[in-house]
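Structure, as structure tokens:
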Amino acid sequence: MEKKENIKVFLVEEHKVMRDGLKILMSNQPGISVVGEADNLNSTEEQVPQVRPDIITVGMNINGCNYIDIVKTLSKEFPDIRIIAHSAYIEKSFVSEMLKAGSCAYVHKNETFAELVKAIESAIRGDVYLCPRVANIVMKSYLKEFSQKDTSMDNSLTDRERDVLRLLADGKSSKEIALELYISTKTVDTHRRQIMNKVNLFSVPELTKYAIRCGLTSIN
């Protein structure tokens, strides 16, 4: 998905100070505008169909509601809208649950505003994004879990499919992989589908773990 001329963002955040701060920062960010805000789930559900945002950012502690359930609800009701988790939690298990719930990006609240912008731009392209702080913790956890290198990579993978798998595991988007390998994004997507079918894994996090186990990539 190409970056839009104007990305419309809806803010869901309990604290007005945080919402006001984000609105000010986003008003100074070219190509991004805040089209609505809410401090609870009901208000969000009422407003979103009217303002039709491209992105919903969800902050923590929305008036006592379960954060994961909020994301699940929004992703189910508005499947065409990308959801970004803007959280103070950093545990790998929580991040995984947020991604399963429907969030396409996860940015820790101690990160800079620039990281939130990266997440927004990544989400609008259809990619998954983890801020560096979270990505480092998640990958270290995966490395610990799979400390014994698994060399049993499926021999049916071609050399080009292994290249695509390695770059996917390194966090590259389809466009970035296409540029690096001098192929089209359509070809990248074809390779990705073939890899998933061959190894019977159907998400980027699962493919990343598989690539780590097989020694195709490592996290410093």
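Place the peptides 206-215, 72-81 in order of packing, highest mean first, counting for every residue the other Cβ atoms within 10 Å and averaging per peptide.
Top to bottom by mean Cβ count within 10 Å: 206-215, 72-81.
Here are some values of Cα extents along the principal axes in Å: (1) 53, 35, 29; (2) 48, 37, 36; (3) 44, 39, 30. Which one was computed from this structure?
Evaluating Cα extents along the principal axes in Å on these atoms matches (1).
Could you pull out every one of the aspartates and glutamates with an alpha carbon less than 15 Å from that of residue 72, ignoring same-chain neighbours closer than 8 positions?
45, 80, 97
Which GluC sites (Glu not before Pro) from the stretch 1-51 combine a DSSP loop assignment with at most 12 other Cβ atoms within 10 Å?
Loop-located and lightly packed - 2, 5.
May I ask you to give the solvent-accessible area per residue for the chain, in square angstrom, as obtained with a 1.4 angstrom probe?
53 Å²
Can you check what the net charge comes to around residue 12, using other residues whose Cβ is under 10 Å from the Cβ of residue 12 (Lys, Arg +1; Asp, Glu -1)?
Counting the neighbours of residue 12, the net charge comes to -3.
Just name one of 164, 105, 32: the one whose Cα is farthest towards the positive end of the charge dipole of the chain (beta-carbon charges, Lys/Arg +1, Asp/Glu -1).
So the residue furthest toward the plus end is 164.
Give me the net charge of residue 27's neighbourhood, meaning all other residues with Cβ under 14 Å from the Cβ of residue 27; Lys, Arg count +1, Asp, Glu -1.
Local net charge: +1.
For residue 163, what charge total do you get from the other residues with a beta carbon under 13 Å from its beta carbon, if Lys and Arg give +1 and Asp and Glu give -1?
Every neighbour counted, the sum reads 0.
Magnitude of the Cβ-charge dipole of the chain, K/R +1 and D/E -1, about the Cα centre, nearest 20 debye?
My answer is approximately 520 debye.
Can you give me the long-range amide H partners of residue 37? Hydrogens built in the peptide plane at 1.01 Å from N, cutoff under 5 Å, separation of 5 or more residues or another chain.
Residues meeting the amide H criterion: 11.
The values are calculated or read from the model by the stated rules, or taken from the named source; none is laboratory data. Keep in mind it's a predicted model, so treat the numbers as computed, not measured. Glycine also receives a Cβ, built like all others from the backbone with ideal geometry; neighbour counts cover every protein chain displayed. Calculation scope for accessible area: heavy atoms of the full protein, side chains included, ligands and nucleic acids excluded. Shrake-Rupley method; radii C 1.70, N 1.55, O 1.52, S 1.80 Å.
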